[in-house]
Amino acid sequence: MLDFMENVQNAFYEASHWNLDNSYGALNNTARALLDFQIPQGLRLQISSLAAPNFATSYTLGSVGVVDGSVSYLYSSLPLRREFKSSHIDLKNVIRGYKHVKELRRPDENWWWELWHAGKRVDRKSTLMYGRVFLPQSRLEALYLRRLTPTRQFRIAAVSDSNLNNGGTILALLQNDLGKYSTEYMYSTDSGLMGLRGLYNFGPDPRNAPTQPTSEQQAEPVHGRFSAGAELYYGLLNKSGGVSTGLRFTTLPDHPGFPYTMTLTLNPLMGNLTSTYAVKAGSSLALCSRFDFNFYSYESEMQLGCELWRRRNTADVDWAVKKLRSDWKQPVRSPDDDVSGVLKAKVDQDWRVGVLWEGRIKELLFTLGASLDLKKREHIFRSVGLELQYSS
């Protein structure tokens with residue numbers, strides 16, 4: 001489950017019209033959500049608040065052998081209007097699950113962002129600043145995000161920790177998203193790492209989309225999207241580099257059948273080949289599989305995972321409403337309004353199992369998980385944890 005600050009950052013991306021899915025780094029997001037979810041360690045409590053539409057605070061207290069915690073603050077130049085109260089928050093916004101890729105939107109024109117007053121431009125570039133201090137480790141994390149144009153943003157992430165080389169590291173990232181394709185340029189002070197990655201979407205270009213269809217062919221909806229991407233990076237200090245490439249096909253919201261996503265990624269230098277397949281088998285069920293193969297060592301690994309959403313039982317309420325007033329029409333609700341939680345499970349070829357239950361009880365969001373090793377019957381439980389979140 002996303003913590004409060006991650007949800008606030010996603011709200012900033014949404015308010016600034018930035019598509020998180022249109023990047024090479026997000027190619028395998030669906031498989032990661034269904035197979036790589038983290039099991040909580042020990043007990044952890046988070047209390048957060050959006051004190052103003054532009055300012056958020058969060059406090060975390062945990063107990064994993066020793067008591068630790070963190071304090072974080074966030075500022076956004078854009079007012080964030082999403083619901084953040086834990087009692088009313090949309091669980092789909094905070095629980096990672098099967099990812100429905102949206103239609104590509106046409107990028108905003110530069111002049112759309114201009115604000116003029118008395119003959120002078122008064123608009124400012126959207127900015128987000130975030131900081132977090134971990135105690136008692138005295139570890140500091142910071143993030144600076146700035147939207148430069150409707151198709152470009154600049155991001156700097158930094159970590160200060162005495163356990164790291166040189167006391168910390170800084171990662172700078174320049175991102176471009178033109179809908180049809182996206183590019184990213186990165187530099188990290190860790191080993192002087194420089195990198196480039198990009199993603200290209202086959203099919204119609206949203207920048208050239210007509211406002212009104214001129215023929216039946218143009219009016220016919222597109223049911224799927226095929227994307228291809230690659231990344232290249234090189235460390236200036238250790239004189240080593242790497243490269244990877246990937247393919248993805250995913251269905252779009254207009255697809256008449258079951259939504260599904262297929263990916264294939266290759267790292268030729270390391271010899272790793274990974275394929276994933278995820279399908280939304282029903283309104284509440286998603287299944288996923290991943291197969292890894294190394295053609296240098298001939299080693300392979302397979303993982304299976306699923307998620308099952310639990311919905312509220314409103315039959316008793318509907319029956320009572322009809323008995324009171326048969327002509328009483330209830331407001332139309334989306335399918336997500338009745339979601340109360342999700343059960344996730346994964347297993348690999350070595351019979352290591354992970355189980356996670358995420359949901360809401362009253363005004364608290366909770367994450368309860370356990371990791372098991374079925375081959376070790378005397379120590380079957382590897383870890384058990386519980387996380388609680390409250391936000392106002």
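Readers should treat all values here as calculations from the given coordinates under stated rules, not as data from a laboratory. Please read all numbers here as calculations on a predicted model, not as lab measurements. Quick reminder, even Gly has a Cβ in these numbers, built from the backbone with ideal geometry, and neighbours come from all protein chains shown.
Points to keep in mind about this one:
- For the stretch 161-205, the residues whose backbone nitrogen is under 19 Å from a point 7 Å from the Cα of ARG146, taken along Cα to Cβ, are 170-177, 184-189.
- Mean-position separation - Cα centroids, the stretch 243-292 and the stretch 180-206, in angstrom: 20
- Phi-based couplings in Hz for the stretch 358-369 (Karplus 6.51, -1.76, 1.60; Gly and Pro marked x): 10, x, 9, 10, 6, 10, 10, 8, 10, 9, 10, x
- The label point for PHE291 and the one for ALA172, both projected 7 Å from the Cα toward the Cβ, are 4.4 nm apart.
- Summing charges over neighbours of ARG44, with a neighbour being any other residue whose Cβ is under 14 Å away from its Cβ, gives -4 when K and R count +1 and D and E count -1.
- Residue with peak Gaussian network fluctuation, the chain [Cα springs, cutoff 10 Å], from GLY179, GLY242, GLY65: GLY65
- Sparsely packed loop sites in the stretch 229-305 (the trypsin sites (Lys or Arg not before Pro) outside DSSP H, G, I, E and B with at most 12 other Cβ atoms within 10 Å) comprise LYS239.
- Ranking SER191, ALA26, PHE293 by how far each Cα lies toward the positive end of the dipole of the chain (charges on Cβ) leaves ALA26 at the top.
- Rounded if a/c under 1.5, otherwise prolate or oblate - the stretch 1-61, Cα gyration tensor axes: oblate
- Measuring max minus min along each principal axis, the C-alpha atoms of the stretch 112-196 give extents of 52, 30, 17 Å (largest first).
- Gain upon complete extension [TRP111, SER138; 0.36 nm per residue less C-alpha separation]: 5.3 nm
- For ARG106, nonlocal amide neighbours, meaning residues 5 or more places apart or on other chains whose placed amide H falls under 5 Å from its own, do not occur.
- Full-stretch length increase - LYS102, TYR234 - with 0.36 nm per residue and alpha-carbon distance subtracted: 44.3 nm
- Once the chain from ILE361 to LEU45 is taken as fully extended at 0.36 nm per residue, the excess over their C-alpha distance is 112.3 nm.
- With neighbour counts taken as other beta-carbon atoms within 10 Å, the residues GLU231, GLU83 rank, fewest first, as GLU83, GLU231.
- The modelled label-to-label distance between ARG377 and PHE258, using points 7 Å beyond Cα along the C-beta direction, is 3.5 nm.
- Cβ-based exposure ranking for TYR185, TYR260, TYR24, in which fewest neighbours within 10 Å come first: TYR185, TYR260, TYR24
- Only helices enter this figure: runs of n ≥ 4 DSSP H residues, each worth -39500 (n - 2.57), summed and divided by the residues of the chain, yield -2500 deg cm²/dmol at 222 nm to the nearest 500.
- Taking Cβ atoms as reference points and 15 Å as the exclusive limit, the residues near ARG124 contribute a net charge of +3, counting Lys and Arg as +1 and Asp and Glu as -1.
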